[in-house]
Amino acid sequence: MRVLSLIPPMTQLNTPYPSTAYLTGFLRSRGDDARQEDLALALVLRLFSREGLAALRDAAGAQPRNRTARVRHFLAEYPRYAATVDAAIAFLQGRDSTLAHRINTRRFLPEGARFDSLDAYAAREDGGDPLAWAFGSLGLQDRARHLATLYLDDIADVLRDAVDPRFEFVRYAESLAMSQPTFEPLAQALAAEPNLIDATLEALTLEALARHAPEVVLLSAPFPGSVYAALRIAQAVKRRDPRIVTVLGGGFVNTELRTLSEPRVFDYFDYVTLDSGERPLLALLEHLRGDRSRERLVRTFARDDGKVRYVNFPEPDIPFDETGTPTWDGLPLGSYLSLLDMLNPMHRLWSDGRWNKLTVAQGCYWKKCSFCDVSLDYISRYEAASAKVMVDRIEAIVAETGQTGFHFVDEAAPPKALKALAAELQARGLAISWWGNIRFEKTFTPELCRALAASGCIAISGGLEVASDRLLKLMKKGVTVDQVARVTRAFADAGILVHAYLMYGFPTQTVQDTVDSLENVRQLFANGCIQSGFWHRFACTVHSPVGKHPQDYGITLEPLADGPFAKNDVGFVDPTGVDHDSLGRALKTALYNFMHGVGLEEDVRVWFEGQRVPRPTVGRRRIAQALRTGTR
Ligand code: B12
């Protein structure tokens, strides 16, 4: 059976999201004719081309009223945009590096409002060049990459203003799907007249069907921001040929659609499957070949007589060792865009460079954090592959793609497995670079950090969450602030960049906790333990321990709207009553400055402009002391 797996818009542009690579590799290992395409990249390449900009000009020109300043600027400068867009894209794809000189003159690319952000650096200006401090005098390529990224951002703003406000480079129409109890918002959007983006996506879908003539089309929706486009693609497939079987799966489905009962979803998809796709797909393909009854499908929703039915014939999942090697064959690896929006060296890893994505293990070995969806299969079912299998996969992927960068996409890569992996990489003399997410646990000794660095580890991220021992304990994170300081410093000392995931608004978190947490974060930066971070506002999900046992965390849940579609976030009341939104703004400003090395010695209360916050209860040398204790 010919199976085509598709990545719907949007996920990311520098490298393919790995689900289709996994599924295609697995199906091929079982002898199926499996193909794949990335329609997220394809959509952006078509819209951001000379031809695409002409269509954007027509769409914008057709609405003479209420044009925004950004649209007016684009229309006025259109000939320059049309003349430069293909060259800028080729440059961002790494196909035309010499263009950097021209881009850096600042006279080649037209500049819209996004370039105003450069003024923020002007304060640190050196000799009249606002970017000099960030890139130095030698960072020719990076500097041009940043300018070309701002140029694309300007065009994306025009696309949003003139065509579709739901468009972003890493998510599309996210709010239509995210925690939406009913299908109604999506149904209405799908019934609307196609706009330029919808029409382009439809054309790309039909071209892919013509190229591959699939009998089955798999749509992977990892995030809420890829659901609307997955439905639009399925709509186009069904319009072209209703006999083509369409299947939906992926992280969004695994998280939010576990109690799906909306029949209208099956106007687009014949089947929707949960959790790891390998076993359900084998069962489904057998069924479609006539070798298995519908009653024996695995973790699969289907519509029978107008009603949604969940069939789950109990069969074990394919062991992680036997899922096959992901393949990137069929994806245009030379066409991905290396964007540079954040100047922080760790932040850029998310948008810059073509990383092969691989999981070291299935699930999470810790699976206790009370904010996390630990009840779901992708966390709770833990299974590691042997180092030998992992490095075989790595070798095969390097041979296939010619690229040696790896992003390990585990929730938290297990230290034991990483240690074995590093030893195997060293033993085989394989030169790769890798980064991924871990827990800052004490198993990561300075020796282990050095061994990981020697095997190619360039960066790691991990959750520090609320940097408060009381809250870390309540979260069951299994680490303390002092320990995080020592572990992160060990990574940093080994030459590995460290990124911390930070959280605010956890149940019972007080203003004092927030100020103390920021003070700890300040000291971690000042002591060279972490180089970057990101604050997330805590969200309570129905699958997490907090959502399942709110009383243990001192909160009450708001009633969850009972609907047939998505379920995930649930509102809650925290009697502490803190206004986390306004504190969050201060946290983000502080962090942004810390990442650029600014304000590291200042009292953290300065970031809470206009708000009265208590002084930190954390000693100003707390992290330095923790590091000294560790050394002793
Ligand atoms: C690594 C990761 C990230 C990384 C990298 C993301 C990227 N673009 O590659 C970072 C940190 C950047 C990230 C960001 C975000 N993430 Co994230 N991320 C993950 C994580 C840990 C692993 C993803 C992965 O690569 N897995 C490996 C692949 C192979 O697995 P998979 O996609 O699940 O595919 C398997 C099955 O799902 C299934 N399958 C997949 N597609 C299909 C299709 C069909 C037809 C079938 C039958 C089966 C099938 O088979 C595959 C093989 O078994 C997952 C959680 C998890 N453990 O899966 C969360 C997860 C996907 N992320 C999530 C979210 C919400 C986000 C953000 C939106 C967060 C935010 N608010 O910004 C952003 C979006 C970023 C973006 N646009 O790229 C959620 C999505 C849940 C939901 N509510 O929809 C998850 C599930 C975690 C969670 N519970 O919160 N993420």
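The values are calculated or read from the model by the stated rules, or taken from the named source; none is laboratory data. All of these numbers come straight from a predicted model, not from anything done at the bench. We place every Cβ from the backbone using ideal geometry, glycine too, and count neighbours over all the protein chains shown.
Filtering region 271-288 to residues that are of a type in the set (D, E) and either buried (at least 21 other Cβ atoms within 10 Å of the Cβ) or near the ligand (Cβ under 8 Å from one of its atoms) (or both) leaves D275, E278.
Within region 228-237, track down each residue that is touching a residue at least 40 places away in the same chain (Cβ under 8 Å) and either near the ligand (Cβ under 8 Å from one of its atoms) or of a type in the set (V, I, T) (or both). Passing the criteria: only I233.
Here's the yes/no breakdown for (1) free of Cβ contacts under 8 Å to residues at least 24 places away in the same chain; (2) surrounded by fewer than 21 Cβ atoms within 10 Å (Cβ to Cβ); (3) among the acidic types (D, E):
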residue	(1), (2), (3)
R303	no, yes, no
G306	no, yes, no
R309	yes, yes, no
N312	yes, yes, no
G330	no, yes, no
L333	no, yes, no
L339	no, no, no
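A Cβ distance below 7 Å, combined with a sequence gap of six or more or placement on separate chains, defines the contacts here; from region 152-177, residues that are of a type in the set (K, R) reach residues that are within 12 Å of the ligand (Cβ to nearest atom) and not in a loop (DSSP other than H, G, I, E, B) in the pairs R166/Y172; R171/G225.
Against the definition (within 15 Å of the ligand (Cβ to nearest atom), within 26 Å of T359 (Cα to Cα) and under 24 Å from the mean Cα position of the chain (by Cα)), how does T300 come out, yes or no? Here the answer is no, as T300 does not meet what is asked. Comparison of V85, V44, V71 shows that the only residue that is within 26 Å of D198 (Cβ to Cβ), within 16 Å of the ligand (Cβ to nearest atom), in contact (Cβ under 8 Å) with a residue 12 or more places away in the chain and not in a loop (DSSP other than H, G, I, E, B) is V44.
The residues on offer are R470, R439, R489, R428, and the sole one that is charged (D, E, K, R), farther than 30 Å from R612 by Cα, at pLDDT 95 or above and surrounded by fewer than 18 Cβ atoms within 10 Å (Cβ to Cβ) is R428. Within region 345-363, residues that are under 13 Å from R393 (Cβ atoms) reach partners that are of a type in the set (A, V, I, L, M) and more than 9 Å from the ligand (Cβ to nearest atom) with beta carbons closer than 6 Å, at six or more positions or on different chains, in the pairs N356/I397; V360/A413; V360/A417; A361/A384; A361/A417. Among the residues of region 304-328 satisfying the criterion of being of a type outside the set (A, V, I, L, M, F, W, C) and part of a helix (DSSP H, G or I), which is nearest to R292 (Cα to Cα)? Restricting to residues being of a type outside the set (A, V, I, L, M, F, W, C) and part of a helix (DSSP H, G or I), the top hit is E322. Of everything listed in (1) assigned to a helix (DSSP H, G or I); (2) surrounded by fewer than 20 Cβ atoms within 10 Å (Cβ to Cβ), the single unmet condition for W366 is (1). Taking region 496-596 as the region of interest, the helices (runs of 4 or more DSSP H) fully inside it that hold 1 or more residues being within 22 Å of R348 (Cα to Cα) and under 28 Å from the mean Cα position of the chain (by Cα) are 511-526, 580-595.
The residue that is farthest from the ligand (Cβ to nearest atom), counting only those in region 405-459 that are within 26 Å of the chain's Cα centre (by Cα) and basic (K, R), is K419. The set of residues from region 15-41 being surrounded by fewer than 22 Cβ atoms within 10 Å (Cβ to Cβ) and of a type in the set (G, A, S) comprises S29, G31. Of everything in region 523-563, what is of a type in the set (D, E, K, R) and either buried (at least 22 other Cβ atoms within 10 Å of the Cβ) or within 16 Å of the ligand (Cβ to nearest atom) (or both)? Give them in sequence order. Correct list: R537, K548.
Checking each residue of region 243-251 against the condition of being part of a helix (DSSP H, G or I) and more than 16 Å from the ligand (Cβ to nearest atom) gives no match. The residue pairs whose first member lies in region 210-222 and is closer than 13 Å to I233 by Cβ, whose second member is surrounded by fewer than 16 Cβ atoms within 10 Å (Cβ to Cβ) and at pLDDT 95 or above, and whose beta carbons are closer than 8 Å, counting only pairs six or more residues apart or on different chains, are P214/R2.
Please enumerate the residues belonging to region 371-404 that are away from the ligand (no atom under 13 Å from the Cβ), on the phi < 0 side of the Ramachandran plot, assigned to a loop (DSSP other than H, G, I, E, B) and surrounded by fewer than 20 Cβ atoms within 10 Å (Cβ to Cβ). Lay out the reasoning, then the answer.
Going through region 371-404, the residues away from the ligand (no atom under 13 Å from the Cβ) turn out to be 384-392, 394-404.
When the remaining residues are screened for being on the phi < 0 side of the Ramachandran plot, the result is 384-392, 394-401, 403-404.
Filter once more, so that each one left must be assigned to a loop (DSSP other than H, G, I, E, B): 385-386, 403-404.
Within region 371-404, S386, Q403, T404 qualify.
I'd like the residue in region 31-64 that is under 29 Å from the mean Cα position of the chain (by Cα) and basic (K, R) and, out of all such residues, is farthest from A210 (Cα to Cα). The residue in question is R50.
In the set D341, D321, D304, which member is modelled with pLDDT under 95, more than 24 Å from Y22 (Cβ to Cβ) and among the acidic types (D, E)? From the options D341, D321, D304, the qualifying one is D341.
Determine, yes or no, whether A134 is surrounded by fewer than 18 Cβ atoms within 10 Å (Cβ to Cβ) and at pLDDT 95 or above. Taking the combined requirement at face value, the residue does not satisfy it.
Residues that are more than 8 Å from the ligand (Cβ to nearest atom) and part of a strand (DSSP E or B) within region 213-227 comprise V216, V217, listed in sequence order.
Looking across region 154-183, the residues that are part of a helix (DSSP H, G or I) and within 16 Å of the ligand (Cβ to nearest atom) come down to A156, E174, S175, L176.
If you go through region 112-123 and keep only what is touching a residue at least 40 places away in the same chain (Cβ under 8 Å) and surrounded by fewer than 18 Cβ atoms within 10 Å (Cβ to Cβ), you end up with just A113.
Condition check: touching a Lys or Arg at 6+ places or on another chain (Cβ under 8 Å) and farther than 23 Å from I89 by Cα. Does E215 satisfy that? Spelling it out, E215 is indeed touching a Lys or Arg at 6+ places or on another chain (Cβ under 8 Å) and farther than 23 Å from I89 by Cα.
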